[in-house]
1. From the list Cys137, Cys132, which residue is out of contact with any Leu (no Cβ under 6 Å at 6 or more places or on another chain) and closer than 21 Å to Ser55 by Cα?
2. Test Cys58 against the stated conditions and say whether it is touching a residue at least 24 places away in the same chain (Cβ under 8 Å), of a type outside the set (Ser, Thr, Tyr) and closer than 20 Å to Val113 by Cβ.
3. Within region 53-76, which residues are assigned to a helix (DSSP H, G or I) and either within 19 Å of Phe9 (Cβ to Cβ) or in contact with a Cys (Cβ under 9 Å, 6 or more places away or on another chain) (or both)?
4. Kindly check whether there is at least one residue in region 86-103 that is exposed (fewer than 14 other Cβ atoms within 10 Å of the Cβ), more than 20 Å from Lys138 (Cβ to Cβ) and either at pLDDT below 90 or of a type in the set (Asp, Glu) (or both).
5. Determine which single condition Ala14 fails, assuming it passes every other condition in (1) closer than 30 Å to Arg136 by Cα; (2) touching a residue at least 60 places away in the same chain (Cβ under 8 Å); (3) surrounded by 15 or more Cβ atoms within 10 Å (Cβ to Cβ); (4) not acidic (Asp, Glu).
6. Checking Arg83 against (1) of a type in the set (Lys, Arg); (2) assigned to a loop (DSSP other than H, G, I, E, B); (3) at pLDDT 95 or above, which single condition isn't satisfied?
Amino acid sequence: MLQSKHAFFIWLAAQNRLLTQDRLSTMNIIQSNCCFLCGNEEESLEHLFFKCGFSKRCMLLLGQWMQITIPEQGVIHWWIHLRVRSLMVKHVMATGIANLMNQIWYYRNCSRVDQLVPRPGLVFQNVRTQLCNRIRCKSEIKMSSEAKQWIDSLIARQ
């Protein structure tokens, strides 16, 4: 379910290899390390994806749509220990979170160049559309009736 570009992106993030403002600052490439999305705090990997007001709003919208509570910290630990009856549901959740993180990174880079920050709703809509399209492409995969019902309800709430 997870696209390879999102899997690679998450791997880079887990290895702390994304060139966030704090890393660029320690390399003496830039002077200011302020977050481009909120403009309030130092941009670090943790801030960008989990503490930034912009990212929190995006995660909240994704969680509401999926009817789950995504924690502000420890997302990987939460996902590993998530108890759901269907592996497919777990994969869809992981795909949604990975896609959202990739979109946040994309729009962070856009706002760095254009100096325009999009609305969190726009970012979420892009994620929702991409995830629903991905689900439709994988519709022939066998899954439990509970998983099918949950996935169908996601698409219906699109």
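The values are calculated or read from the model by the stated rules, or taken from the named source; none is laboratory data. Please read these numbers as outputs of a predicted model, since none were measured by experiment. All Cβ positions, even for glycine, are placed from backbone atoms using ideal geometry, and neighbour counts span all protein chains on display.
1. Cys132 is the lone residue from the list that is out of contact with any Leu (no Cβ under 6 Å at 6 or more places or on another chain) and closer than 21 Å to Ser55 by Cα.
2. Working: touching a residue at least 24 places away in the same chain (Cβ under 8 Å): yes; of a type outside the set (Ser, Thr, Tyr): yes; closer than 20 Å to Val113 by Cβ: yes.
When the stated conditions are applied, Cys58 passes them.
3. Filtering region 53-76 for residues assigned to a helix (DSSP H, G or I) gives 53-66, 75-76.
Listed by number, the residues that qualify are Gly53, Phe54, Ser55, Cys58, Met59, Leu62, Val75, Ile76.
4. no
5. For Ala14, the failing item is (3).
6. Result: Arg83 passes all but (3).
Condition check ((1) surrounded by fewer than 17 Cβ atoms within 10 Å (Cβ to Cβ); (2) of a type in the set (Phe, Trp, Tyr); (3) more than 20 Å from Phe9 (Cβ to Cβ); (4) in contact with a strand residue (DSSP E or B) (Cβ under 8 Å, 6 or more places away or on another chain)) across all residues:
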{"residue": "Tyr107", "(1), (2), (3), (4)": "no, yes, no, no"}
{"residue": "Gln115", "(1), (2), (3), (4)": "yes, no, yes, no"}
{"residue": "Pro120", "(1), (2), (3), (4)": "no, no, no, no"}
{"residue": "Arg128", "(1), (2), (3), (4)": "no, no, no, no"}
{"residue": "Arg136", "(1), (2), (3), (4)": "yes, no, yes, no"}
{"residue": "Ser145", "(1), (2), (3), (4)": "yes, no, yes, no"}
{"residue": "Trp150", "(1), (2), (3), (4)": "no, yes, yes, no"}
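For every residue, the table says whether it meets (1) without any contact (Cβ under 8 Å) to a residue 24 or more places away in the chain; (2) part of a helix (DSSP H, G or I); (3) of a type in the set (A, V, I, L, M, F, W, C).
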position: Met93; (1), (2), (3): no, yes, yes
position: Asn99; (1), (2), (3): no, yes, no
position: Trp105; (1), (2), (3): no, yes, yes
position: Val123; (1), (2), (3): no, yes, yes
position: Arg134; (1), (2), (3): no, yes, no
position: Glu140; (1), (2), (3): yes, no, no
position: Met143; (1), (2), (3): no, no, yes
position: Asp152; (1), (2), (3): yes, yes, no
